[in-house]
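Asks: Got a structure here, written out as structure tokens. Questions coming.
The values are calculated or read from the model by the stated rules, or taken from the named source; none is laboratory data. This one's a predicted model, so the numbers in the text were calculated from it and none came from an experiment. Cβ placement follows ideal geometry from the backbone for every residue including glycine, while neighbour counts extend to all protein chains displayed. Accessible surface areas use protein heavy atoms only, side chains included; no ligands, DNA or RNA. Shrake-Rupley method; radii C 1.70, N 1.55, O 1.52, S 1.80 Å.
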Amino acid sequence: MKTIGLIGGMSWESTAEYYRLLNELTRDRLGGLHSARCVLYSVDFADIERLQTEGRWAEAGEMLAAAARSLAATGADMVLICTNTMHKVADSVEAAVSIPLLHLADATAEAVRAAGLRRVGLLGTAFTMEQDFYRGRLEAGGLDVLVPDAEGRALVHRVIYEELCLGVVQDASRAAYRKVIEDLVADGAEGVILGCTEIELLVGPADSPVPVFPTARLHAEAAVAAALE
């Protein structure tokens with residue numbers, strides 16, 4: 001099995017899910033006591049969040065590029081950025097190393113296409129929902145992407161940073177997310193991308209009338225498939 005390199009800690013709540021998923025998926029594929037060969041570089045999310053808020057994306061990209069170089073030096077055969085939002089600096093990370101970067105949006109778009117869907121709603125941080133680095137990648141992959149209205153985007157973003165990244169999961173927020181999902185479906189969404197890795201801690205298939213696409217799980221599945229090729 002190839003070694004999977006993880007750039008995590010954004011937040012560690014979802015990075016813990018990545019670790020669980022990678023090991024469960026490897027066990028399911030190989031059986032017995034098998035687990036994933038992986039190495040984790042976990043950043044301090046407070047530093048990253050400050051750079052996000054201040055728009056200092058180049059500096060954030062340098063931090064993640066340094067993390068990728070460290071992973072490559074330990075023998076990682078591929079790199080995953082364990083967060084949707086920080087794929088804004090994916091080009092900087094990819095340029096820093098000779099090993100491949102498994103882009104989360106590509107794995108997600110492939111799963112949506114495999115389900116026979118094209119028009120999808122996107123939930124995530126405000127950066128992910130409103131900027132082109134992620135939506136544009138999905139659209140280049142053949143998808144038609146819808147996002148919530150301004151009020152819905154603000155709610156989704158707030159719950160991510162003020163609750164989920166801190167390990168807080170509230171029924172009221174789940175109900176609010178369900179309403180946002182219902183509105184996207186009313187606008188024509190055939191499926192919904194859970195485009196922030198923490199969102200999977202709050203909602204799942206039972207919370208949506210259409211298929212959901214949990215990006216952390218899809219990313220982990222793609223990584224295990226690549227590692228076992």
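Asks: Would you mind working out the accessible area per residue for the stretch 1-78, using a 1.4 Å probe, and quoting it in Å²?
Replies: Numbers: 3920 Å² over 78 residues.
Computed with neighbouring chains in place, this is 50 Å² per residue.
Asks: Also, I was wondering about something else. If you line up the Cα atoms of the stretch 1-93 on their principal axes, what length do they span on each, largest first, in Å?
Replies: Each principal axis gives a Cα extent; for the stretch 1-93 these are 47, 25, 17 Å.
Asks: Rounded to the nearest 10 degrees, what's the angle between the helix 12-30 long axis and the longest principal axis of the chain, both from Cα atoms, 0 to 90?
Replies: Its long axis makes an angle of about 70 degrees.
Asks: How large is log10 I(q)/I(0) at q = 0.11, 0.16, 0.18 Å⁻¹ when the Debye formula is applied to the Cα atoms of the stretch 156-229, each weighted equally and without solvent?
Replies: The Debye formula, applied to the Cα set alone, gives -0.31, -0.60, -0.72.
Asks: Any number yet on Rg/Rh for the chain, C-alpha, Kirkwood?
Replies: Values: Rg = 16.7 Å, Rh = 17.6 Å.
My calculation puts Rg/Rh at 0.95.
Asks: Can you tell me the dipole magnitude for the stretch 37-165 around its Cα centre, using point charges on the Cβ only (Lys, Arg +1; Asp, Glu -1), in Debye to the nearest 20?
Replies: On the way: 12 positive and 19 negative charges, 71 e Å.
Roughly 340 debye for the stretch 37-165.
Asks: Okay, helix-only estimate at 222 nm for the chain: each DSSP H run of n ≥ 4 adds -39500 (n - 2.57), divide by all residues, round to 500 deg cm²/dmol; what do you get? If you can, show how the numbers build up before the last one.
Replies: On the way: 10 runs with 119 residues, N = 229.
It comes out at -16000 deg cm²/dmol, rounded to the nearest 500.
Asks: Right, next: Ignoring ligands, DNA and RNA, what percent of the accessible area of the chain is carbon or sulfur (1.4 Å)? List each step's numbers first, then the result.
Replies: Details: 4800 of 9860 Å².
Roughly 49 percent of what the probe reaches on the chain is carbon or sulfur.
Asks: Hey, what angle do you get for helix 150-162 against the long axis of the chain, alpha-carbon based, 0 to 90 degrees rounded to 10?
Replies: With both axes taken from Cα atoms, the answer is about 40 degrees.
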